[in-house]
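Take a look at the structure below.
The values are calculated or read from the model by the stated rules, or taken from the named source; none is laboratory data. Everything quoted here is computed from the prediction, not taken from an experiment. Reconstructed Cβ throughout: ideal geometry from the backbone, glycine too, with neighbour counts over all protein chains shown. The protein model used for the area step is the full one, side chains on, heavy atoms only, and it has no ligands, DNA or RNA in it. Shrake-Rupley method; radii C 1.70, N 1.55, O 1.52, S 1.80 Å.
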Amino acid sequence: MPVSLGELAVRFGCELQGDPDVVVDRVATLQDAAPGAVSFLANPKYRKHLASTRASVVVLEADAAADCAVAALVAANPYATYARIAQHLNPEPAFAGGRHATAVVAEDATVDPSAWVGPHCYVGAGASVGAAAFLGPNTVLLDGAVLGSRSRCVANVTLCAGARIGARCLLHPGVVIGADGFGQAQDRDGYVKVPQLGAVSIGDDVEVGANTTIDRGAIGDTVVENGVKIDNQVQIGHNCRIGEHTVIAGCAGISGSVTVGKRCMIGGMVGVVGHLEICDDVYLTGKAMVSHSITKPGLYSGKLPLDEARRFRRNSARFQKLDELAQRVARLERDGRRAAAKDDDTAAPDDRAANERP
Amino acid sequence: MPVSLGELAVRFGCELQGDPDVVVDRVATLQDAAPGAVSFLANPKYRKHLASTRASVVVLEADAAADCAVAALVAANPYATYARIAQHLNPEPAFAGGRHATAVVAEDATVDPSAWVGPHCYVGAGASVGAAAFLGPNTVLLDGAVLGSRSRCVANVTLCAGARIGARCLLHPGVVIGADGFGQAQDRDGYVKVPQLGAVSIGDDVEVGANTTIDRGAIGDTVVENGVKIDNQVQIGHNCRIGEHTVIAGCAGISGSVTVGKRCMIGGMVGVVGHLEICDDVYLTGKAMVSHSITKPGLYSGKLPLDEARRFRRNSARFQKLDELAQRVARLERDGRRAAAKDDDTAAPDDRAANERP
Amino acid sequence: MPVSLGELAVRFGCELQGDPDVVVDRVATLQDAAPGAVSFLANPKYRKHLASTRASVVVLEADAAADCAVAALVAANPYATYARIAQHLNPEPAFAGGRHATAVVAEDATVDPSAWVGPHCYVGAGASVGAAAFLGPNTVLLDGAVLGSRSRCVANVTLCAGARIGARCLLHPGVVIGADGFGQAQDRDGYVKVPQLGAVSIGDDVEVGANTTIDRGAIGDTVVENGVKIDNQVQIGHNCRIGEHTVIAGCAGISGSVTVGKRCMIGGMVGVVGHLEICDDVYLTGKAMVSHSITKPGLYSGKLPLDEARRFRRNSARFQKLDELAQRVARLERDGRRAAAKDDDTAAPDDRAANERP
């Protein structure tokens, strides 16, 4: 889909430095670009490539424009502007509404005529598929599941009974929304299953990565608010609420009944213990474990960095006696104070000693 | 499915405080309940809601009954009793035996007439599906797989060749039982695959969460005993044995050839190194890594708590020199003893005495 | 598939100690073997079973042969030789080319006549399936995906649009290759999706474990080189490159734009932060987090070992004040030096000199 730089400047509100009639039709990195490509500079580390790039135009911030050997689209937020341009150049493939001959759709399911139900899909009783929604191959909507308008299940997605997905969501393969939460009541002879009777409610504009799982609530619903972006292989337990515009990186795991605020950034492999609250605007670096509620916005960490194995082993052996070590230090300090005091008795009138003398 | 409080009391062995003719038909939390609902108190933190709940009845322990504004069902284990009542009020939907027109069942597979094989399911050669078992949409049983009676594959479950599942199990979407274990023999030019010739054997009353994977054994079988409950996205390697009534929380990973005892509780994201044994009644808190066998029941941990990022960074930089720090402390102690000894040379015969001097 | 010891010795280049006419037809562990079975000794821990094994023959190293009560196949690398023998005794089941009646194959897809497309599979427009490739039930190849010759999708595998898999690969159930990378550009009102326009390119002889996900590149491709072996539930982000003959254990997560060298071993649950480089021949022990590039081959660790919970809690509380503790130790050292200097005032001019005194 070729478009001129002039049109890009107008459409995406950029200042153009260069010839408005040059046409681009694809995106590329600064290093690999050839004429016809749009590139971008969002990370200062790549600024050195501005001088040599062969892109037709680079989306960048005002203060980098001078270094740019080619045309520039100056934007306040070059990465977001690049994203919008890339979307514009690569629209989602259009599709006609209808259903594949192999799809199985329950009689009382509601499928909008503009939606597509793909090969080997299943849409259960009372389920609902909105306008221009897309069900890729082997997608399953169990009874009563709802997929909002313009939402897209790429392939092999499972929406369990009653799971509700809003509009313009994107669900990648292997996603499971609404499996039972992990509710087991301990009893004398093992465990009794606690029926998971709530549902999952997902807002609009939510993206859910491949093989991510979001469990249904035990009594009430698990809720994912608008604009939440979730990476692959994330696990979200029952009764959680994830605040709008929060992003969750791959392999993070959030136990049941956790409330996560708005605009949080949860790093990869972060774990959150159950029944906690994390306030708005909390950033958690990778692999941290949240074991208490967080009430103050900010950046939190909890993972030791890597080290050469032998040294790490020595240090972690010391860690296992860290409490003892701290007590030994306290003893040395006490001894030092005592010695100083004794010294003072015979020699120097130091304040401390002075204060402590009767 | 409405039921009277009197019937609940009799059926579940509770003492009823209140009118036996009141009828309930659903469950609710203490805060959200309306008349007609059963609620429960299992966590003391919610006791404050007993005075204001609008539930028709609350399942609780004897010593909480006095605080309860409405009828009470007094039980020794309110959570397990609640679970049973919730099951009773919400029975699994009944289904007729048979197979969907789109299901593919091998000629020599054995499917009990009371079992249901759903849309787009595949049941391979020599596979077997027991009485009243349920195969939700897109479930795959490869050759020789066995699903026991009354067991339920919700949707999109894969049982690989020869995997055997007992009775009354519940397998959630995306579960893969019996994929090859990770056996790779290193050789001059990369790796040679070690054929994974064992199977997986899962007992009765086992629940397996969404997208969990349990690998087949290399030579013998991987075994999951009766009553084990496994959450989502758990990975269990080849040749493991998981003892009965053990529970494993989400995203835990157990390497190959690990034996886990009975009644263990394995926290979320826990990792277990291969070829270890964990005895009965071991509790592992979230994100711990088990790198040695555990021979003593008890509670074990291994994950640093979260901290404000700057402070965490300072502390973890110190950790990387912890061995050195400990040596410095030892040196200070030595110097202190020497100094004391020198002191004593002129005064007292040994360190001990020196320390004890007034 | 029975075979004589003599034939095994010739075919796999071993020295046979024993009767070449004895026939074996299966593998077994040393402890469980019965006559007719091949066993092996690769781990010295099991050497004690050599004296009592009932196997017909044991594959082992030269220096263990003397202890072996039965026939021996002496090999330089017994585990790799065992793996090859086990493959020979247990060949993959043969299959005829063709497609199941329920498979859906786009008109312009290219499927080699010797390939099998199983029940409920989908092969999209422009996709390509090589000679003797195998698509197990419910496997999905979206538009333009390529599966190389002799590669095998066990069941329920998803190759997203344009994903390319080489020859002789093995993809286990639930694998998702080529889902969108996690590209989200932050903007005033939430996030803008960054289109993921690259593909995934996987080499030859790669194995990918159940429910593992490998994302497509943002602009260029995500690349997995020849001979890489990946366990279950591993996550590999967009634009990564994994060097040949690297192995990645279960539940590891590699963020976007990471380059991993050749012949690395990445332990279970290891996490790698984005945009890093790990050189060749790096070994990472389980649960480590890589937060800086690694430029030196070797063994690296980063996870504290498990401890009894109460002791761990005390030690980790101390960790949260480790920086302060280190400062206290530095103060004690300073005080000690000062005290020594004062001492020396009466005898020698400075610490150094003091130490140098005869």
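Summary table below
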read-out	value
Gaussian network model of chain C, springs between alpha carbon atoms under 10 Å - residue of C:Arg241, C:Arg99, C:Arg338 with greatest fluctuation	C:Arg338
Segment B:Ser114-B:Glu308, extension gain: residue separation times 0.36 nm, minus the distance between their alpha carbons	64.0 nm
Relative contact order %, the stretch A:132-245, counting alpha carbon pairs below 8 Å whose residues are six or more apart	20
Principal axis dimensions, largest first and in whole angstrom, of the stretch C:1-64 by Cα	29, 23, 16
Anchor B:Lys321: aspartates and glutamates whose Cα lies under 14 Å away (excluding residues fewer than 8 positions away in-chain)	A:Asp307, A:Glu308, C:Asp323, C:Glu324
The protein assembly as shown, helix-only ellipticity at 222 nm - DSSP H runs n ≥ 4, -39,500 (n - 2.57), divided by all residues, nearest 500	-5500 deg cm²/dmol
Most mobile listed residue (A:Ser151, A:Ser316, A:Ser56) in chain A, GNM with C-alpha springs under 10 Å	A:Ser316
Relative contact order computed over chain A (Cα-Cα under 8 Å; 6+ residues apart), in percent	6
Area accessible to solvent at C:Trp116, 1.4 Å probe radius, in Å²	60
Alpha-carbon gyration tensor eigenvalues x 5, square-rooted, for the protein assembly as shown, Å	49, 37, 37
Label-point separation in nm, C:Gln31 to A:Asp280, each point 7 Å along Cα→Cβ	5.9
Solvent-accessible area per residue, Å², over the stretch C:146-188 with all protein chains present [probe radius 1.4 Å]	28
Kirkwood-based Rg to Rh ratio, the stretch B:291-342, C-alpha trace	1.21
Bins of 5 Å from zero: percent of alpha-carbon pairs in the stretch B:72-163	4, 15, 21, 22, 9, 8, 8, 7, 4, 2, 1, 0
Accessible surface, 1.4 Å probe, highest first, among residues C:Asp180, C:Asp32	C:Asp32, C:Asp180
Cross-link reach list, aspartates and glutamates versus A:Lys45, counting only Cα pairs under 17 Å and skipping chain neighbours closer than eight places	A:Asp32, A:Glu61, A:Asp63, A:Asp67, C:Glu277
Per-residue SASA entry for B:Arg311, accessible area with 1.4 Å probe, Å² rounded to 10	100
Straight-distance crosslink candidates among lysines, where the alpha carbon sits under 16 Å from B:Lys342 and sequence neighbours closer than 8 are dropped	A:Lys342, C:Lys342
√(5λ) per eigenvalue of the Cα gyration tensor, the stretch C:208-263, largest first, Å	16, 13, 9
Where C meets A: accessible area buried, both sides, 1.4 Å probe, Å²	5600
Pairs of alpha carbons in the stretch A:1-147 whose separation is greater than 18 Å (percent)	61
Surface accessible to a 1.4 Å probe, C:Met1 within the full protein complex, Å²	110
Relative pair counts by distance (%), Cα atoms of the stretch C:203-358, 10 Å bins	11, 28, 18, 14, 13, 9, 6, 1
For the stretch C:71-123: accessible area per residue (Å², 1.4 Å)	43
Kirkwood Rh (inverse of mean 1/r, distinct Cα pairs), the stretch A:131-263, angstrom	14.5
Rounded if a/c under 1.5, otherwise prolate or oblate - chain C, Cα gyration tensor axes	oblate
Gaussian network model of chain C, springs between alpha carbon atoms under 10 Å - residue of C:His172, C:His120, C:His49 with greatest fluctuation	C:His49
Listed pairs B:Lys229/B:Lys262; A:Lys229/B:Lys303; A:Lys287/B:Lys303 exceeding 20 Å between Cα atoms	A:Lys229/B:Lys303
Length gained when the stretch B:Asp143-B:Arg11 is fully extended (0.36 nm per residue, less Cα-Cα span)	43.3 nm
Carbon and sulfur %, accessible surface of the protein assembly as shown computed with the full protein complex present, 1.4 Å	50
Accessible surface, 1.4 Å probe, highest first, among residues A:Arg188, A:Arg314	A:Arg188, A:Arg314
